[in-house]
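Notes to accompany the following structure.
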Amino acid sequence: MEPKRRLTVCLAGNANVGKSVIFNQLTGLNQAVGNWPGKTVERAEGSLHFEGYTIRIIDLPGIYSLSAYSMEEMVSRDFIALESPDVVVNIVDASALERNLYFTTQLLELGAPLVVALNQIDFAARKGIKVDAEKLSQMLGVPVVPTVATAGIGLQELLSKVVEVAEKRPTPMEIRYGREMERSIKKLEASVKTGLPRLTSRYPARWIATKLLERDEDICKKVDGENGGRVLSEAAKIAEQIEDLHGEPTSVIIASERYSLVCQTAKQATTVVSPPVIGIGQRLDSLTAHKILGYPILAGVLASVFTIVFVAGDATIGILERLFDAVLVPAAEAFLSKGVPPAAVQVISGGVMWGVGAAVTIVLPYIVPFYILLGILEDSGYLPRAAFLMDNMMHKIGLHGKAFIPLLLGYGCSVPACVGCRIMETDRERFLAGFVVTLIPCAARSVVILGLVGRYVGIPAALALYLFDLCLVMLVGRLAFKALPGAPMGLIMEMPPYRAPSLKAILNKTWARTKDFVYIAFPFIIGGSVFLQLLSAVGAMPMIADLMAPLTTSWLGLPQIAGIPLIFGVLRKELTLVLLGELAGTFNFSGILTSIQMVVFAIVTMIYVPCVATIAALAREFGAKRAVAVAVLDSVLAVLVGGLAYHLLSLAL
């Protein structure tokens, strides 16, 4: 049966209220779900069929208001106001109703057709909090549906209410301020209606008047662009009168009156049925965020993550290598030799089969465990605690603790880490965070560190490289902070409660990240392997190695053939290790590199020019000139540090 019509529905709410979980449950898409603010900077879309409707779902960024203070807030309010979705589903946390309803009041002011999803009612119940959904619905004038997103409870009723609101358009509660503020808003609203016809066709006149009194920069620019000088003058005059009377900015006065209304609403709809008890989550919170104990716990967590990744990866590699070397590669060669010329067999076997085998046996065993552990840290709520602990240290490089989140994500992949720098408040902080993120060893570089140094030199040596890199990040970040002057901003972020991670969500997230990694990495690895086979077939390898010899052998102390993998490493960092093994004709690296050479090779790979995907992300976020500058600086730094490491280690050992 053909759908009767199409609906556009957007999900809006604070960070960490289960918005992305509801999105996943409704659409089945593998959207990342985490507990750190700013995860869904760009909106995600999906669709579903329900009662004859095709419903398009948009997951908006997690925000706390519709002011013009951040890019996320601008994206959300412009989508709601200008693209006019049929229904806005406002997800609120039942355990923190008062804080969440502030955003709800702003959605009501914007005139959005609203359905409230009262999420995490199970968590609220454990805290002894009961919210009367029916009473809250009567007070707000919109449907309120209790849900438990992680278990899929209430989502069917939520969709039914979405369809009902889209069809009937109920009249929501009108947000009313005090007598004096109401008089000022209505006076300015009349001027807005007559003086700004184009703007009032996109935004409600009352909302524009309120925003003008709040001195919202974006709305003031829009009014000025419509020759609204008279309206701006009148708004400024009314705002000054209110400020003179109260001695506070109008934005503070309006926010205060909103909070007063929110407090009354939450108080009437909420009942504390039992006194809250100190649970294991709160005990964990007091330990992991402790000003002394928190740091050894953080160090232990990070060391455990990389140790587990190495142990799991090393155990898996042995099994996969035997499978490829003893079964798959010989079988493929025997099959191809029956009807394919020997030269083509060599290219396919040495290029395609070796490329696939190297990717599966070297890369995935380290990537998958890391993504699983990263998902656990995200969904448990530990990452914001780590950011809190790192605040003082991050201020040393001109950033605040929130920058530690993209830095930690950088251990997974530099591309989302660069995009994640958007959670920083200023352009200077975003670029500074993006620059130091490129120095963090991503999962691809961890393949080299763990697969080379960890496997042949030892786990302590591999962990020492991570510690050295962190010190280097702090040093280089400090120098960059001096070159990009500006005062660090204070840390303001939500500390979500600890929750037991959902196995399904973690596996979905791991699969999505691994799938993206495979789609991007495998073509480069296989293509690079085939290209190397072709270069070897035409005899070009010795010439390239000779050209790079002064840098490769004299300064870095590496074998002459090591220069070629470093060139191809610009495509993907794990490609350096794969191609080094292919050029040497063996993946037993202890036979071709000394311990010092392994460390130097890992250091250079860890620091030098980011992969092409990261360079593209840098260019998109910060511009082409800045992206090139970061790539050049990283490469110079890698050669300098790698050479110094070789000469110093040679003298010491």
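Within the assembled protein chains, the solvent-accessible surface assigned to Leu579 is about 0 Å², based on a 1.4 Å probe. Working from label points 7 Å from Cα in the Cα-to-Cβ sense, the Asp546 to Ala616 distance is 3.6 nm.
Listed peptides 641-647, 228-234 appear in the order 641-647, 228-234 once ranked by packing, highest mean of other Cβ atoms within 10 Å at the front. Once both axes come from the Cα atoms, what is the angle between helix 155-168 and the longest principal axis of the chain, in degrees from 0 to 90, rounded to 10? Tilt relative to the chain: about 50 degrees. Counting only alpha carbon atoms, the long axis of helix 364-380 and the longest principal axis of the chain meet at about 20°. At full extension, Gln282 and Val327 could sit 10.9 nm farther apart than now, given 0.36 nm per residue minus the alpha carbon distance.
Ordering Phe622, Phe388 by accessible surface, largest first, gives Phe388, Phe622; the 1.4 Å probe counts only protein heavy atoms, with every chain in place. Modelled this way, with points 7 Å down the Cα-to-C-beta line, the labels at Leu644 and Lys130 are 6.6 nm from one another. Spatial offset of segment 434-454 relative to segment 613-648 amounts to 14 Å, using the alpha carbon center of each.
Ordered by 1.4 Å accessible area with all protein chains kept, Arg56, Arg99, Arg183, Arg385 run largest first as Arg183, Arg99, Arg56, Arg385.
Taking all protein chains together and a 1.4 Å probe, the residues Trp207, Trp555 rank Trp555, Trp207 from largest to smallest accessible area. Bridge orientation summary for the chain: considering DSSP beta bridges with both residues in this region, about 35 percent are antiparallel. In whole percent, what relative contact order does segment 596-653 give with Cα contacts below 8 Å and a gap of six or more residues? Contact order relative to length: 49 percent. For segment 5-168, the pair-distance distribution built from all alpha carbon pairs, in bins 10 Å wide starting at 0, is 11, 45, 37, 7, 0 percent. Given just the C-alpha atoms of segment 144-195, how large is their convex hull per residue in cubic angstrom? Roughly 138 Å³ of hull volume per residue. Per Stokes-Einstein, at 20 °C and 1.002 mPa s, what whole-number D in µm² s⁻¹ belongs to the chain, with the Kirkwood radius over Cα pairs as the hydrodynamic radius? Stokes-Einstein gives a translational diffusion coefficient of 77 µm²/s. One decimal place: the segment Asp244-Arg183 gains 20.3 nm when fully extended, by the rule 0.36 nm per residue minus the C-alpha distance. 3J(HN,Hα) couplings calculated from phi for segment 614-627 with the Karplus curve 6.51 cos²θ - 1.76 cosθ + 1.60 (θ = phi - 60°) are, in sequence order, 5, 4, 5, 5, 4, 5, 5, 7, 10, x, 5, 4, 5, 5 Hz; Gly and Pro show x. The distance between label points at Lys338 and Val628 comes to 5.4 nm (points 7 Å beyond Cα on the Cα→Cβ vector). For the pairs Lys135/Lys168; Lys130/Lys267; Lys186/Lys211; Lys515/Lys625; Lys211/Lys237, flag any whose C-alpha to C-alpha distance is greater than 22 Å. Correct reply: Lys515/Lys625. Using C-alpha pairs under 8 Å with a sequence gap of at least 6, the mean separation divided by the residue count of the chain gives a relative contact order of 11 percent.
The values are calculated or read from the model by the stated rules, or taken from the named source; none is laboratory data. Everything quoted here is computed from the prediction, not taken from an experiment. Here Cβ is always computed from backbone atoms with ideal geometry, including for glycine, and neighbour counts include all displayed protein chains. To get the accessible areas, we keep the full protein, side chains included, count just its heavy atoms, and leave off ligands, DNA and RNA. Shrake-Rupley method; radii C 1.70, N 1.55, O 1.52, S 1.80 Å.
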